[in-house]
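The values are calculated or read from the model by the stated rules, or taken from the named source; none is laboratory data. Keep in mind the model is a prediction, meaning the values are calculated, not measured. Note that we place each Cβ from the backbone using ideal geometry, even for glycine, and neighbour counts take in every protein chain shown. The protein model used for the area step is the full one, side chains on, heavy atoms only, and it has no ligands, DNA or RNA in it. Shrake-Rupley method; radii C 1.70, N 1.55, O 1.52, S 1.80 Å.
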Amino acid sequence: MLDTKRLTQAVDHFADRLRAAPQSRLQRGAAAEALGLAREFARRAQLAEAPGAEPREMPDAGMFAAADQITVAVHDLALVLTDEGQIDEAVRLVEEAQKRAGV
């Protein structure tokens, strides 16, 4: 089994920063950035699980749910990753999203 601890730790850190962020920061784009990442991770997980099916888009559950949405999405993705390169890419996406979110 592939060790995805680096990825889940990176997302947990991002999610913790979002939970601690003021509402104004979330409104200025941090929540939208997290939702975009959650949607991308959910899309990737669905494509890996059902390659021929059209992925469903993760709904926007509101800015206060964004941290939970990235956490759920990354745990789903971690179950279907097959190599270290995919982990590296996902960690990079988390780091870039966190930087853009400013948290």
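Restricting the stretch 73-90 to residues that are under 14 Å from the mean Cα position of the chain (by Cα) and charged (D, E, K, R) leaves a set whose member that is surrounded by the fewest Cβ atoms within 10 Å (Cβ to Cβ) is Asp88. Hey, can you tell me all the residues within the stretch 92-103 that are part of a helix (DSSP H, G or I), surrounded by fewer than 17 Cβ atoms within 10 Å (Cβ to Cβ) and in contact (Cβ under 8 Å) with a residue 60 or more places away in the chain? Matches in the stretch 92-103: Glu95, Arg100. Exactly one residue among Leu18, Leu35, Leu47 is within 13 Å of Val94 (Cα to Cα) and without any contact (Cβ under 8 Å) to a residue 60 or more places away in the chain, and that residue is Leu35.
Selection of the stretch 1-40 for residues being of a type in the set (S, T, N, Q) and part of a helix (DSSP H, G or I) yields Thr8, Gln9, Gln23, Ser24, Gln27. Answer yes or no as to whether Ala45 is at negative phi, over 14 Å from the mean Cα position of the chain (by Cα) and open to solvent by less than 40 Å² (accessible area, probe 1.4 Å). No; evaluated as a whole, the condition is false for this residue. Taking first residues from the stretch 58-78 that are at pLDDT 95 or above and partners that are open to solvent by 80 Å² or more (accessible area, probe 1.4 Å) and assigned to a helix (DSSP H, G or I), the Cβ contacts under 7 Å between residues at least 6 apart in sequence or on separate chains come to Met63/Gln27; Ala67/Arg19.
Within the stretch 48-67, how many residues turn out to be open to solvent by 80 Å² or more (accessible area, probe 1.4 Å), part of a helix (DSSP H, G or I) and closer than 24 Å to Ala101 by Cβ?
The total comes to 1.
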